[in-house]
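The values are calculated or read from the model by the stated rules, or taken from the named source; none is laboratory data. Please read all numbers here as calculations on a predicted model, not as lab measurements. Please note: Cβ atoms are built from the backbone with ideal geometry, for glycine as well, and neighbour counts cover all protein chains shown.
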């Protein structure tokens with residue numbers, strides 16, 4: 001058997017192994033081939049296509065996190081595929097350890113990896129009734145699905161997978177979280193890499209970092225009092241108008257808070273209270289939680305923005 005065929009069989013075996021954990025949640029799993037002979041897996045085979053039920057051996061042990069690749073048109077090279085899946089698990093563990101978030105059941109990330117944008121956009125139409133040519137990835141919280149197409153270089157695609165997976169995980173663990181925190185954590189964790197020694201490195205998001213520095217130099221950086229006062233509707237309206245502030249400051253606020261124990265403790269308290277009340281944290285409440293209040297929060301944030309915004313290690 002040549003190396004290419006051996007690799008294909010090995011990859012198929014890995015797919016089946018990952019699909020095992022999803023059987024309890026999705027019912028039967030089927031496999032079928034499209035008109036180009038490409039093998040697919042899923043819980044709903046297309047109509048008028050010959051399919052075969054897959055019944056691998058299952059384990060009664062419930063895992064904390066299930067990552068299931070339901071379509072894989074490409075594999076990220078040089079071990080990047082496996083390291084990306086491990087990074088998703090690490091994000092989940094950070095949510096558990098840093099913020100004390102828990103789930104009554106098993107968290108899921110159901111991945112669809114598309115080689116072609118046309119297939120990705122068709123998937124979006126089937127799921128939500130529309131598509132957007134500017135999207136590199138999307139997530140569907142109701143089904144814990146993440147879809148990404150191969151839009152750029154391998155590292156950028158891997159970051160997109162982590163970004164969308166972070167959204168899906170946080171929606172399961174803390175569905176009431178404000179949009180700035182959802183987006184900030186997704187941007188923060190999209191650069192996470194598991195090092196050979198097992199440590200985690202989270203690097204600054206280069207574009208957002210450059211904008212923050214520019215706004216600082218020009219005296220145009222929004223204050224946290226203004227930013228954290230935006231409700232979700234205002235935030236989304238600014239984002240839809242292609243304003244750079246919502247996304248950039250979401251990353252900056254989250255990266256700043258994650259850079260020091262007092263910040264992580266503040267986020268933990270906010271998320272813990274959200275679990276109990278399902279109500280958005282007010283600006284006043286944030287000031288009550290952060291030691292020194294809003295004045296100290298603003299001071300510490302601007303000092304961080306003037307720093308090198310170094311990578312974080314865990």
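Summary table
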item	result
Search result, residues across the range 157-207 that are under 17 Å from residue 108 (Cα atoms) and not in a helix (DSSP H, G or I)	174, 175
Residues located in the range 288-314, provided they are outside any helix (DSSP H, G or I) and without any contact (Cβ under 8 Å) to a residue 12 or more places away in the chain	292, 307, 308
Odd one out for residue 236, checked against (1) modelled with pLDDT of 95 or more; (2) under 19 Å from the mean Cα position of the chain (by Cα)	(1)
Residue 113 modelled with pLDDT under 95, surrounded by 20 or more Cβ atoms within 10 Å (Cβ to Cβ) and in contact with a helix residue (DSSP H, G or I) (Cβ under 9 Å, 6 or more places away or on another chain)	no
Sole residue being free of Cβ contacts under 8 Å to residues at least 60 places away in the same chain, closer than 23 Å to residue 251 by Cα and not assigned by TED's automatic domain parsing to the domain that holds residue 279, chosen from 159, 187, 117	159
Residue satisfying condition, being within 17 Å of the chain's Cα centre (by Cα), under 26 Å from residue 266 (Cα atoms) and either modelled with pLDDT under 95 or surrounded by fewer than 23 Cβ atoms within 10 Å (Cβ to Cβ) (or both), within set 166, 203	203
Where residue 148 falls short, out of the listed (1) farther than 24 Å from residue 280 by Cα; (2) touching a residue at least 24 places away in the same chain (Cβ under 8 Å); (3) in a helix (DSSP H, G or I)	(3)
